[in-house]
Amino acid sequence: MMNYKIAIVPGDGIGPEVIGQTIRVLDKVGEKFGHKFEYTEVLAGGCAIDASGTCLPQETIDTCRASDAVLLGAVGGWKWDTLPGSERPEMALLGLRKELGLFANLRPALLFEDLAEACPLKAEIVEGGLDIVVVRELTGGIYFGEKGTKDTDMGLAAYDVEQYAEEEVRRIAEVAFDMAMKRNKKVTSVDKANVLESSRLWRRVVAEVGEKYPEVELNNLYIDNAAMQMVRNPKQFDVIVTSNIFGDILSDEASMITGSIGMLPSASLATGNFGMYEPVHGSAPDIAGKDMANPMATILSSAMMLRYTFGLSDEADAVESAVKKVLADGYRTSDIAKEGENAIGTVKTGDLIVEAI
Ligand code: NAD
């Protein structure tokens, strides 16, 4: 029996509720497939501020580092909204990314056939569902480049430098190609190589990495074209790899296509398969404690953990199929229920998914 160590960071608001259901799902997977998942729960966010005065205690960092993966709910809430920016619960997320070396952000945009009506695109464009992963470089590029202001003939100017080193591009490209090998073997690299020097280097290095993956088809698209293609014909995409700023925008565009925020998982990866898995949504203080949160985003995040950090594809498939079955059977939490439809709660959703596994 394999043992997997998971650091659990429930956080605030609906975080503990959606994490609670996800642990039940993982336990069921362990029982069915003969694995042991060992959980160590640690504090981050507002609850950590209340308990220890800091949003990211050292113990949390140490426990995460000593684990195989991290599963996070969400942080933040009204109670801490008046704190100055640098002391807010959300700083825990930036701290974790930095301390754990999480350089690759993965955002799948998965449109379940049974939720097709939530998609703002025409039905024929997304017929049969949609399954894209945006792999975004997370620790480099213009958000982290040199920045400042200077006087010019035109008045005060401000600048932010977009810069990528070969190694930064290589490691993110490898994540994308590895991912494509586990999926439909297609990578689209998005850049602006017709204008930007940094994009020309990006494109060259991605092509070099691509040579090591002869089975994977590589395409290049300019960001403006990619943004259009995403709404014109999103089914052409499998894995998209792109820089920090382009990925920021494209991953939001891709996730809008799928409808509800309560359905969107994400992962942030470091070298060596280590990763932090979390839903895209926040702590939803408006529905916290009311058994109303949709736990599917977090449960689907745990499926990503099974697939990408633990290499357990059958187990990941089982979780994703169970979510699909619950939707196909017509069950909906309030965020995805149609008007007048009876919604089920967080715990009932967990029950049904566990049962379907
Ligand atoms: P939010 O994602 O928490 O909520 C936005 C809306 O979506 C709310 O109406 C909420 O009820 C609904 N919603 C979100 N998740 C849902 C789910 N699983 N099921 C059903 N409905 C759901 O965003 P917000 O309101 O802007 O932020 C609330 C708090 O969360 C803030 O403190 C913010 O800083 C924090 N936040 C944290 C993270 C994170 O931890 N990764 C991300 C975003 C926001």
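Relative to the Cα centre, the charge distribution of the chain, modelled as +1 at Lys and Arg Cβ and -1 at Asp and Glu Cβ, gives a dipole magnitude of about 440 debye.
Restricting attention to segment 117-224, which GluC sites (Glu not before Pro) occupy a DSSP loop and are surrounded by at most 14 other Cβ atoms within 10 Å? Don't skip to the end; give the middle numbers.
On the way: sites: E117, E124, E127, E137, E146, E162, E166, E167, E168, E174, E197, E208, E211, E215, E217; in loops: E127, E146, E162, E215.
Loop-located and lightly packed - E127, E146, E215.
Do any of K147/K192; K32/K235; K122/K235; K5/K324 go past 23 Å between their Cα atoms, and which? Pairs exceeding 23 Å: K32/K235; K5/K324. Here the relative contact order of segment 1-113, from alpha carbon pairs under 8 Å that lie six or more residues apart, stands at 33 percent. Both radii are taken from the alpha-carbon atoms of the chain; with Rh as the Kirkwood radius, Rg/Rh is 0.97. Summed over qualifying helices (DSSP H, 4 residues or more, each -39500 (n - 2.57)) and divided by its residue number, the chain shows a 222 nm mean residue ellipticity of -11500 deg cm²/dmol. Sorting I249, I23, I257 by accessible area puts them as I249, I23, I257; the probe is 1.4 Å, largest comes first, and only protein heavy atoms count.
By DSSP, the beta bridges lying fully in segment 131-256 are antiparallel in about 30 percent of cases.
Antiparallel as a % of all DSSP beta bridges within the chain, to the nearest 5?
Counting DSSP beta bridges with both partners in the chain, the antiparallel share is about 45 percent.
Amide H contacts of V280 (H built 1.01 Å from N, in plane; Pro and chain starts excluded): L264, S266 sit under 5 Å, all sequence-distant by 5 or more or on other chains. Taking 16 Å as the straight-line reach from the Cα of K338, the aspartates and glutamates in range (excluding those fewer than 8 positions away in the same chain) are E113, D114, E117, D329.
The values are calculated or read from the model by the stated rules, or taken from the named source; none is laboratory data. The model shown is predicted, which means the values in this text are computed figures rather than measured ones. Every residue, glycine as well, gets a Cβ built from its backbone with ideal geometry; the counts of neighbours run over all protein chains shown. Side chains included, ligands, DNA and RNA excluded: accessible areas come from the protein's heavy atoms. Shrake-Rupley method; radii C 1.70, N 1.55, O 1.52, S 1.80 Å.
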